[in-house]
1. Only residues that are hydroxyl-bearing (Ser, Thr, Tyr) and in contact (Cβ under 8 Å) with a residue 40 or more places away in the chain: list them for the stretch A:18-35, please.
2. Of these, A:ARG40, A:ARG32, A:ARG79, A:ARG20, which one is under 30 Å from B:LYS7 (Cα atoms), out of contact with any helix residue (DSSP H, G or I) (no Cβ under 7 Å at 6 or more places or on another chain) and more than 11 Å from chain B (Cβ to nearest Cβ)?
3. Would you tally the residues in the stretch A:113-132 being part of a strand (DSSP E or B), basic (Lys, Arg) and facing chain B (nearest Cβ under 7 Å)?
4. Specify the residue that is nearest to the other protein chains (Cβ to nearest Cβ); the eligible residues are those in the stretch B:25-64 that are within 13 Å of the chain's Cα centre (by Cα) and among the acidic types (Asp, Glu).
5. What do you reckon, is B:VAL4 within 30 Å of A:ASN38 (Cβ to Cβ) and touching a helix residue (DSSP H, G or I) at 6+ places or on another chain (Cβ under 8 Å)?
6. Only one residue in A:VAL83, A:VAL93 is closer than 18 Å to A:TRP122 by Cβ and surrounded by 16 or more Cβ atoms within 10 Å (Cβ to Cβ). Which one?
7. Does any residue of the stretch A:36-53 turn out to be hydroxyl-bearing (Ser, Thr, Tyr), touching a strand residue (DSSP E or B) at 6+ places or on another chain (Cβ under 9 Å) and without any contact (Cβ under 8 Å) to a residue 24 or more places away in the chain?
Amino acid sequence: MVTIEIVNGPLIPFPSDDTRKEDGAELIFNGRVRSTENGRKITNLEYEQYEGMARIELNQIAEETVGKFMIHDLFCRHRIGKVKVGEVSLHVVIWSKHRKEGLEAVTYFIAELKKRVPIWKWAILEDGTKVPSECTHG
Amino acid sequence: MIQVNIKCFSQVKYALETDEINLELEAGTTTVELEKIIREKAEGKLDQVSLRVAINQKYVPNETELKEGDEVVFIPPVQGG
């Protein structure tokens with residue numbers, strides 16, 4: 001099963017699940033906002049989405065990931081709007097029978113997200129200036 | 001003639017200083033031709049920026065012919081995560 005949410009506001013993590021009897025791996029990834037962008041100090045990132053298409057692409061990548069790897073479920077929450085340094089902007093949980101396919105699935109999902117989902121970052125500098133982030137590495 | 005709506009994000013919004021543009025184009029205009037118009041409007045600010053194109057919320061190949069009422073987005077490198 002796939003669950004995808006794009007949220008504007010604090011990100012609530014998916015709860016750990018002790019009821020799963022067939023999944024030996026519960027993999028949790030949290031992407032957090034760093035304090036620098038290309039060597040410049042920032043206070044926040046502001047995430048901008050192309051509403052509609054961002055969700056469509058994210059859902060498609062999640063479905064692809066579940067189809068490509070032997071995993072059971074993939075849950076993802078991505079924040080938009082202002083996110084302070086240190087806060088979580090991306091939260092992904094994958095459950096799989098074994099660790100190896102789960103780890104590969106997390107890597108694939110995030111790599112594809114960073115290539116295809118129309119979400120962008122604006123850096124809010126310490127003086128309050130807002131500029132498009134130049135950060136494009138995968 | 002056809003009307004299209006161009007939504008602007010990230011570096012495209014920054015370069016053009018607007019969220020969206022409505023343009024009237026010759027029937028048969030392609031995405032490549034429209035990209036050239038957008039880059040000219042940006043006066044060099046998009047010269048170093050690679051752009052993909054989406055029409056009506058789907059990525060499309062270059063040289064796709066535009067239709068009346070299309071919503072077009074020139075997508076700079078994405079940065080989710």
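1. Correct list: A:SER35 only.
2. After applying the criteria, what remains is A:ARG40.
3. 1
4. Among those residues, the one meeting the criterion is B:GLU35.
5. When the stated conditions are applied, B:VAL4 does not pass them.
6. Every option except A:VAL83 fails the conditions.
7. yes
Conditions tested, residue by residue: (1) more than 26 Å from A:GLU112 (Cβ to Cβ); (2) touching a residue at least 24 places away in the same chain (Cβ under 8 Å); (3) not aromatic (Phe, Trp, Tyr).
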residue: B:ILE21; (1), (2), (3): yes, no, yes
residue: B:LEU46; (1), (2), (3): no, yes, yes
residue: B:ASN62; (1), (2), (3): no, yes, yes
residue: B:GLY80; (1), (2), (3): no, no, yes
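Each value in this text was obtained by applying a stated rule to the coordinates, not by laboratory testing. Note that this is a predicted model, so its numbers are computed, not measured. For neighbour counting, all protein chains shown are included, and Cβ atoms are generated from backbone atoms with ideal geometry for every residue, glycine included.
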